[in-house]
């Protein structure tokens, strides 16, 4: 039986507009093809922070011109980003597979993820979406639209929305069916469309963004994956990040990871949810292994040559 990987790809790694995203998807496709050739079955989760923010903003600006003047609901904006990001990734992956004569199919599953309506996250929005603004720009926008903006890891100010925890992946059986057939599956895009379960088979979308790393961890557990791989902008997890005494980590135990979290080494909205998602997967899975590294060096990291491996 081939080894199963769930790959969590950051939305920021896909660019800030459709043209740039299509270009960057080629790098993702090359990495996925490398992993297929290494003997893995691959499922891809991805973020959509910049993309869902842009889609939502576009509809808000155009709402006065539309019949009824109603902006697009936020869950539908999430579904749109799942579709167009998946479309770009599918194109790039299929092209790369054809170039390498890899006989695999690739499909995107528009995915709903059940959240708890009483999740405390709804009272405290924290998930950054959309574009980066200066402090002055964010204050002006907040006065105009009533949204909440916060500083995001030293990169500027972004709108934040609630980020509830994933409880159940509605389309998990469909993903399992495609994966068992040997297909590469793109799913839980943007962390999945957050929905509440109103009754058997009855789901209602809610305005929130589920963290894509947490959704990918839930997906990896549901699929009984051999490893959760979170691809980000750095090769390794670090202590004292971007400081003179920065220390890159090759390996983290659960105990060490929790200690470093308590010491405040990992930034919220950046490395913190990645490490916490790895803890969740490692703690509950039978294989007990997760990996954080960069997209460019994923193949090397899976060979143990770079990256940060999280173990029990």
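Just a few scattered comments:
- Least to most buried among 106, 278, 77 (fewest other Cβ within 10 Å first): 106, 77, 278
- Inter-site label distance for residue 65 and residue 256 at 7 Å from Cα along Cβ, in nm: 5.5 nm
- What the Kirkwood sum gives for the chain is a hydrodynamic radius of 19.8 Å, with every pair of different alpha carbons counted.
- The antiparallel fraction among DSSP beta bridges confined to the stretch 97-195 stands at about 60%.
- Calculated mean residue ellipticity at 222 nm for the chain: -12500 deg cm²/dmol, from DSSP H runs with n ≥ 4 weighted as -39500 (n - 2.57), summed, divided by the residue count and rounded to 500.
- Antiparallel DSSP beta bridges within the chain, percent to nearest 5: 45 percent
- Computed log₁₀ I(q)/I(0) - Debye formula, equal Cα scatterers, no solvent, the stretch 172-312, q 0.11, 0.17 Å⁻¹: -0.45, -0.99
- Spatial extent of the stretch 98-167: Rg and Dmax, with the Cα atoms as the point set, Å: 18.2, 55
- Diffusion constant of the stretch 18-155 at 20 °C, which comes from Stokes-Einstein with the Kirkwood Cα-pair radius and 1.002 mPa s, µm²/s: 121 µm²/s
- The distance between label points at residue 27 and residue 180 comes to 3.7 nm (points 7 Å beyond Cα on the Cα→Cβ vector).
No lab work stands behind these numbers, since they all come straight from the coordinates. Keep in mind it's a predicted model, so treat the numbers as computed, not measured. Virtual Cβ from ideal backbone geometry, glycine too; neighbours counted across all protein chains shown.
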